[in-house]
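To keep things clear, I will list the structure first and then write my remarks on it.
The values are calculated or read from the model by the stated rules, or taken from the named source; none is laboratory data. Owing to the predicted nature of the structure, the values given are computational and were not obtained by experimental measurement. Cβ coordinates were reconstructed from backbone atoms using ideal geometry, including for glycine residues, and neighbour counts include every protein chain displayed. SASA here: full protein model, heavy atoms, side chains in, ligands and nucleic acids out. Shrake-Rupley method; radii C 1.70, N 1.55, O 1.52, S 1.80 Å.
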Amino acid sequence: MLQDLRLGLRMMRKQPGFALIAVLTLALGIGATSAVFSLIRGVLLTPPPYREPQRLVLIQTARMDGRQMEHPRGWPATQWMEWQKQAKSFEGFGAYNWTFNFLVLSDGSVSMEGMWVTRDYFRVLGVQPLLGRTFLESETGAQPAPVIILGFNLWQRKFNGNPHIVGQKIRMSRQDTPPTVIGVMPPGIRFLPSPGAAREPNYNVNAQVDFWIPAPSKPLEMKGVFWSVVGRLRDGATPRQAQGELQVVAAREAQSEHDFEGFTPQVESLTGELNRDGGRILLPLLGAAALVLLIACGNAAALLLVRGLQRQEYAVRSALGVGRVALFRQVGTESLLLALMGGALGVGLALGAVRFFKLIGGHAIPRLDAVSTGWPVLTFGLITAVAAALLAGLLPALRASRLDPMQVLKSAGPKSSAGRGERRLLQGVTLVQTALTLALLVGAGLLIRTMMNISNAPSGYNISRILTMSVTDVSGNWADFHHRALERVSAIPGVQYAAFAWGVPLTGNSWPATLDIEGQPAPAKDSERIAVPLRAVTEDYFKLLGLPILEGRGIRSTDIRNAPNVAVVNQVFADRYFQHTLAIGKKLWMGSRQERATEIVGILANGRTDDLTHASQPEVYFSLWQANAFSKHLVVRTAADPRLVMAAVQRELRSVDPTAAVENVKTLQQIQSDSLASRSFAMQLLAGFAVVGSVLTLVGIYGVLSLSVASRRRELAIRSAVGAQQRDIRNLIFGEGFQLIASGIVAGMAAALVLSRVLRSFLYDVEPGDPATLIGVALLFAGVAMLACWVPTRRAARVDPVEALRYE
């Protein structure tokens, strides 16, 4: 083995150009797969920091009739508290609900995302505080004690990691009594999914939790259906068994409480739910990176085959008595050396690629901040290098071990080269490379088409020259702050309109609520209630976005708290719920009809507010002066670049109240870009992999044709001697290249039709088998591939028949 290593290193020194090309080729494939593996390891393979997370499940809400939930819904305490008594498949349950608050500071308050949790929550998850303790039973009664547990990041960021923080009080908004810190949790603890809170303006399920506060424990204090539930299964219990048990209990509860009718528990693995979005993005990208690795291995195999054809030492060693196993080992060792060098360089490329991926994918991939590089990536690169050595070195090693030494030595000479069978083998490798490259190119083309379609989709509003920021008054003088803030911001030179809004497009920001609508039949049970997103805005909001009022009027400055409640609905809402009557003047109720009604005063043009890829859905807009939303966006339309007034707007807000929280300053165009981040990230990576694969494949096509010309010098010379023109020689070689490219394209189209279906969830207004994309990619690749045929074809036409035949 040591002798094989020395021989392999000596041959690499003799042919540095060959070694460099082979190493770079393998490094590209190994680097691509190692980089994506780093993301998968950090996002999907790293378990959450809970004890035995495989036994943790989320109890989601599903409809009994199988229809999709129009409105995210949790569980009232009167249900899940009963589960604790009757469900024998569980060790325990913990209830939680997402919340947010603000750390009040004199130079600008800071938002904090946190959770209301029950006393058993931390025990069920199996987490212990880094400092202090968790909640006591006496602190989670009907009137919870003013205590708080801090998250590690907030403790480090705002309290400088003070080890004596336990026992201190902190000032928070909406808290009459400052809470006392009783503990600090270890790093890395994130939110569990809270479907009912998913449309809150500050909600970010991928963030790390800033704080925990105790929830009231009496069922009468927890009737709302916004509580999410996590459970820990007993040893040996399965999610299917647990779900069946909970469904029986829930059906029994619905018999005595009609508000529970129509809903059933659905048990989901906590780890699977946390990894759902990340897996949807990363697993297809890992497949694309694996294709690049296969293409690179094909190129390396072709290079090793060509080098083997030009070396007669294998035949000499075989004639001297060296066995086939020894020859196989020698060629395998050389390929392993190349692959290990390529792996080392590939891991280096992967480290840089991961940093780049984290830079461009921050809004695309959940928990991307947990991705790190280190020994696992190095180990994966080593394993990938060994696999690449096996793939790239198998065919050359088999050929070397099966040589007929007498046949090779009889034809030996400086111009000896590949025979027909060997050329066909290389052509087969290149055909596979071409097919895989076409699959990558078609996938990239489909995503590019998707981004173009989304950019051309009618949103219904104008996003240019609009600045947004989250603004929250923590002083308690709500109306005065907002009126003064609008007055000062509107007076800034260059500002055309200013408005406050709970419901800025593409932020996912709305109240998830159910309505009772005049003229619609009263629902028999809670699952049949009409669910629509509710928003609240000030008077200039619709003009600011360019959303026209089609009928009636918009929100006015006189629609204040003491005035009659009013609402503006969009055209989709009016068409769906008032098909044969006028919507203007009709009443809406958020609770029972005994409560104060809201009158519809206007109909708004439709806009794709939640998602540019979804058609407009029913929407209801209230007056912000009547809704009193706590945290909301300030939206500003400017005459020029909105970034020019960014500092002035923040300065005016601070002048109204220095403690106001001003955060998430972005243009609406940036928000739109963030909403498309997962598609954009997938497109960029897939396009990059497709470009790398294309370059490698074109090099492979060039190499095959060059070898073909070198192997057929005598044939080409004879053709020239008997009267063939240069045009005929060019057509012969070019035809061989065209046949190779065409065969690869046909195989690639078939592969693309299969593989592109994996991308279906990313596509918009284009099908996986879109003919225009398939044909366009095929023609583009064929045109570029033909250029790779030009140099070998030109070389073939210049073969001197006298020189070639004299040598032969």
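Taking a Cβ cut-off of under 10 Å around residue 642, the surrounding Lys, Arg, Asp and Glu residues balance to a net charge of +3, with basic ones at +1 and acidic ones at -1. Which net charge results for the neighbourhood of residue 287, defined as the other residues with beta-carbon distances under 15 angstrom from its beta-carbon, given Lys and Arg at +1 and Asp and Glu at -1? Local net charge: +3.
Computed from the C-beta positions of residue 584 and residue 531, the FRET efficiency with R₀ = 25 Å rounds to 0.65. Ranking 728, 107, 611 from most to least accessible surface, computed with a 1.4 Å probe over the protein chains only, gives 107, 728, 611. Seen from residue 228, the other residues with C-beta closer than 12 Å to its C-beta sum to a net charge of -1, counting Lys and Arg as +1 and Asp and Glu as -1. Among 383, 549, 149, the order of accessible area from largest down is 383, 549, 149, computed with a 1.4 Å probe on protein heavy atoms.
Placing a label point 7 Å from the Cα of residue 654 along the Cα-to-Cβ direction, the residues of the stretch 470-488 whose backbone N falls under 16 Å from that point are 470-472. Relative protection proxy for 564-574, 736-746, from highest mean packing down: 564-574, 736-746 (other beta-carbon atoms within 10 angstrom). The alpha carbon centroids of the stretch 601-637 and the stretch 107-182 are separated by 34 Å. Rounded to the nearest 5, the antiparallel percentage of DSSP beta bridges internal to the stretch 505-663 is 60%. Among the trypsin sites (Lys or Arg not before Pro) in the stretch 40-132, those located in a DSSP loop and surrounded by at most 11 other Cβ atoms within 10 Å of their own Cβ are 67, 88. Full extension of the chain segment joining residue 641 with residue 64 gains 202.6 nm, where the gain is 0.36 nm per residue of separation less the Cα-Cα distance. Tell me which GluC sites (Glu not before Pro) from the stretch 543-605 have a DSSP coil assignment and no more than 12 other beta carbons within 10 Å of their own. Passing both the DSSP loop test and the Cβ count: 595.
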